[in-house]
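The values are calculated or read from the model by the stated rules, or taken from the named source; none is laboratory data. Since the structure is predicted, the reported quantities are computational estimates derived from the model, not experimental observations. Here the Cβ positions follow ideal geometry from the backbone for every residue, glycine too, while neighbour counts run over all protein chains shown.
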Amino acid sequence: MSYSSDHPWNYDVFISFRGEDARSTFVSHLYAALSNAGIHTFRDDKELRKGEELGPALRRAIEGSRIAI
């Protein structure tokens, strides 16, 4: 996907998963496949505790993504 200065999105896809198993297997393969296809992807590499409020930077990344997984 291409980007121009008038494009409102920072990312095509936002990926967020909890747990080391999902992150080190499925998520890493999905991220690599999307990146290799030229899809601009944000990967949440920070551990979030259940019920924890999303930080402002993470919230902006989600809101600035066309799709969230």
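General remarks:
- Test for D44: is it charged (D, E, K, R), modelled with pLDDT under 80 and touching a strand residue (DSSP E or B) at 6+ places or on another chain (Cβ under 8 Å): yes
- Of all residues in segment 15-41, those that are part of a helix (DSSP H, G or I), modelled with pLDDT of 80 or more and among the hydrophobic types (A, V, I, L, M, F, W, C) total 6.
- Residue among Y3, Y11 that alone is surrounded by 10 or more Cβ atoms within 10 Å (Cβ to Cβ), modelled with pLDDT under 90 and either on the phi < 0 side of the Ramachandran plot or not polar (S, T, N, Q) (or both): Y3
- Cβ-Cβ distances below 6 Å connect the following pairs, each with a first residue in segment 54-69 that is closer than 18 Å to Y31 by Cβ, a second residue that is in a helix (DSSP H, G or I), and a separation of six or more residues or different chains: A68/I62.
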